[in-house]
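> A single structure is presented below for examination.
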Amino acid sequence: MLRNRLLSLTLAVLCAASAASARRPGDPFHPGFNLFSRQQDIQLGQESAAQVRKQYQVVQNQFLQDYLKRVGERLATTKEAKESGFNFTFTLLNEPSINAFALPGGPMFVFTGLMKAVDNEAQLAGVMAHEMSHVILRHGTNQMSKANFLQLPALLAGAAVGNGSLIGQLAQAGMGLGLSSMLLKFSRSDESQADLLGSHLMAETGYNPIEMARFFEKLEADGGSRGPQFFSDHPNPGNRMKAIEEEIQGLPQRTYGYQTGEFVEAKTQVARIAPPPKTQQAAGARENLAPPSQAPSSSWRQLRGQAYNVSYPGNWTAFGDSSSAAVTIAPREGLVQGAGGRTSVGYGAILSYFFPDGARSSLAAETDDLIHHLRAANAGMRQASPSQRHIKVSDNDALVSMLASDSPYGGAETDALVTVSRPEGLFYMVFIAPQKNFEQLRPTFEQMLGSIRFQ
Ligand SMILES: [Zn+2]
């Protein structure tokens, strides 16, 4: 049953990919495989937008905010934007890097650094049209769906019947914490789609689409050094100018040259904005660069997971409960926000179930399969020796596999993987710490392991 479901999901992903390649210039675009409902895109975007407004300084200049809104709302009058059913909003943030981003369901944020870098209004409209296209094509939730297609269906079904925060639910399942997960790296094919659909939006509203390509090429001319942030979120699909030119050939003939007439004034006013205080420059910052300094407390708490109970130090936090596909238990500083925007666990434990691809087999074979998947998802992971030993967990045979990978704090990381074959699937725990801290944490990890009781 599960197997068939996986197969059909995999096929859906493959079909979406092949349909995209058969497209001719000018043809419409269709959003790819997605497990989120449109309403969930909107909810996720609104929750994340609230975080963005706390993390960044919103520019307090009504003329500039109105100007941005005027350009954005013009793009939102296009057929494609209207048909998406999303409500687009536009906010200028005081942030010096050359970037802009849009969240699922429509909230778009433009940095003052971008406004300073564009040469004309069509270039600004170009970046905004590109961002709007990511929203229309639902690339953010599509990426999350593809990356988490095992865990997401149950989680989203659970979220649909509850009233809690969707971000919170995703965080509990280990799918990034809030904002960072929205700023996923898009794929190159997402980028080329956003360029091409963006060129439609521009053409329909009278902006010359070639200005979008010109701006990206300008950013890239000096080795991308002027727009490193933008290109790290939006990898260059290559040959942008040529691809956009070909796309325009497929569109009805139009005359370009629309402008609001306020561009020069907007550039003047944006140049006068003082940079934000240092602490507010959140973009690209790495949080929690050192492992937690506080020792695990001696008072313990208990968590009820999916068909198991586990105890953990009272000063750590459990992200997840019995409805979560995966539970992360760690001190707050054990979660590390990487430069790519992904949150990883550098110090703590993850508990979850793995569903092997084929029929159920031996503990050793299923563990191998899991390690194979973990390694595929984590390029730096390698199996250290001595590799495996057998233990008992709650009277069940269990296998301990010692793995090594790269710590998000820098240096080597030790990952102790414990697997137990259970009727629900292959139960696993990964105990994670920088190699140099692992021994110190071992008694805590062993006590957690000893507290496991299957129901
Ligand atoms: Zn992009």
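> Looking at Val71, Val52, Val110, Val58 in this structure, which one is more than 19 Å from the chain's Cα centre (by Cα), assigned by TED's automatic domain parsing to the domain that holds Arg240, surrounded by 20 or more Cβ atoms within 10 Å (Cβ to Cβ) and of a type in the set (A, V, I, L, M, F, W, C)?
Working: Val52 fails: more than 19 Å from the chain's Cα centre (by Cα); Val110 fails: more than 19 Å from the chain's Cα centre (by Cα); Val58 fails: surrounded by 20 or more Cβ atoms within 10 Å (Cβ to Cβ).
Result: Val71 is the single residue among Val71, Val52, Val110, Val58 that is more than 19 Å from the chain's Cα centre (by Cα), assigned by TED's automatic domain parsing to the domain that holds Arg240, surrounded by 20 or more Cβ atoms within 10 Å (Cβ to Cβ) and of a type in the set (A, V, I, L, M, F, W, C).
> Tell me, which strands (runs of 3 or more DSSP E) lie completely within the range 26-114 with 1 or more residues that are closer than 14 Å to Glu131 by Cβ and in contact with a Ser or Thr (Cβ under 8 Å, 6 or more places away or on another chain)?
89-94, 107-111
> Let me ask another. Yes or no: the range 361-372 includes at least one residue that is within 23 Å of the chain's Cα centre (by Cα) and either under 30 Å from Ser298 (Cβ atoms) or not in a helix (DSSP H, G or I) (or both).
no
> Being aliphatic (A, V, I, L, M) and touching a helix residue (DSSP H, G or I) at 6+ places or on another chain (Cβ under 7 Å) is the filter here; which residues of the range 94-118 pass it?
Listed by number, the residues that qualify are Ile98, Ala100, Ala102, Leu103, Met108, Val110, Leu114, Met115, Val118.
> Are any of the residues in the range 339-357 at pLDDT below 70 and more than 21 Å from the chain's Cα centre (by Cα)? Before you say what the answer is, go through the steps one by one.
Applying the first criterion (at pLDDT below 70) to the range 339-357 yields 339-343, 357.
Now drop any that are not more than 21 Å from the chain's Cα centre (by Cα), which leaves 357.
Yes: the range 339-357 contains one or more residues that are at pLDDT below 70 and more than 21 Å from the chain's Cα centre (by Cα).
Every residue, every condition in (1) of a type outside the set (Asp, Glu); (2) surrounded by 15 or more Cβ atoms within 10 Å (Cβ to Cβ); (3) modelled with pLDDT of 90 or more, yes or no:
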| position | (1), (2), (3) |
| --- | --- |
| Phe231 | yes, yes, no |
| Glu247 | no, yes, yes |
| Gly257 | yes, no, yes |
| Gly261 | yes, no, yes |
| Val264 | yes, no, yes |
| Lys267 | yes, yes, yes |
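> Also: Identify all residues within the range 202-220 that are over 15 Å from Gly238 (Cβ atoms) and modelled with pLDDT under 90; write none if there are none.
Passing the criteria: only Lys218.
> Would you be able to tell me the number of residues in the range 299-313 that are within 19 Å of Arg422 (Cβ to Cβ) and among the basic types (Lys, Arg)?
The number of residues fulfilling the criteria is 1.
> Those residues that are over 16 Å from Leu197 (Cα atoms) and free of Cβ contacts under 8 Å to residues at least 24 places away in the same chain, I need them from the range 68-86; list them, please.
Lys69, Glu73 - these are the residues of the range 68-86 that are over 16 Å from Leu197 (Cα atoms) and free of Cβ contacts under 8 Å to residues at least 24 places away in the same chain.
> From the list Glu121, Glu131, pick out the single residue that is at pLDDT 80 or above, in contact with a helix residue (DSSP H, G or I) (Cβ under 6 Å, 6 or more places away or on another chain) and of a type in the set (D, E, K, R).
Glu121
> Out of everything in the range 132-150 that is under 11 Å from Gln193 (Cα atoms) and part of a helix (DSSP H, G or I), what residue ends up being nearest to the ligand (Cβ to nearest atom)?
His134
> Further question: If you scan the range 406-418, which residues turn out to be in a strand (DSSP E or B) and without any contact (Cβ under 8 Å) to a residue 60 or more places away in the chain?
Passing the criteria: Asp406, Ala412, Thr414, Asp415, Ala416, Leu417, Val418.
> How many of the residues in the range 427-455 are more than 21 Å from Ala318 (Cα to Cα) and buried (at least 20 other Cβ atoms within 10 Å of the Cβ)?
Selection size over the range 427-455: 0.
> Any chance you could count how many residues in the range 74-84 are more than 16 Å from Pro104 (Cα to Cα) and surrounded by fewer than 24 Cβ atoms within 10 Å (Cβ to Cβ)?
The qualifying residues number 4.
Rundown of residues vs (1) out of contact with any helix residue (DSSP H, G or I) (no Cβ under 9 Å at 6 or more places or on another chain); (2) over 23 Å from Ala290 (Cα atoms); (3) polar (S, T, N, Q), yes/no style:
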site	(1), (2), (3)
His373	yes, yes, no
Asp395	yes, yes, no
Asp406	yes, no, no
Ala416	no, no, no
Pro423	yes, yes, no
Lys436	yes, no, no
Arg442	yes, no, no
Phe445	no, no, no
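> Does the range 80-92 contain at least one residue that is at pLDDT 90 or above and either outside the structural domain of Ala157 (by TED's automatic domain parsing) or in contact with a Phe, Trp or Tyr (Cβ under 7 Å, 6 or more places away or on another chain) (or both)?
Within the range 80-92, the subset at pLDDT 90 or above is 80-92.
Retained after the next criterion (residues that are either outside the structural domain of Ala157 (by TED's automatic domain parsing) or in contact with a Phe, Trp or Tyr (Cβ under 7 Å, 6 or more places away or on another chain) (or both)): 81, 91.
There is at least one residue in the range 80-92 that is at pLDDT 90 or above and either outside the structural domain of Ala157 (by TED's automatic domain parsing) or in contact with a Phe, Trp or Tyr (Cβ under 7 Å, 6 or more places away or on another chain) (or both).
> Which pairs turn up if I take residues in the range 180-197 that are assigned by TED's automatic domain parsing to the domain that holds Ala100 and closer than 12 Å to Asp233 by Cβ and look for partners that are at pLDDT 90 or above and more than 11 Å from the ligand (Cβ to nearest atom) with beta carbon separation below 6 Å, at least 6 apart in sequence or on another chain?
Final answer for the pair search is Met182/Leu103.
The values are calculated or read from the model by the stated rules, or taken from the named source; none is laboratory data. Note that this is a predicted model, so its numbers are computed, not measured. No Cβ is skipped: glycine too gets one built from the backbone with ideal geometry, and neighbour counts run over all protein chains shown.
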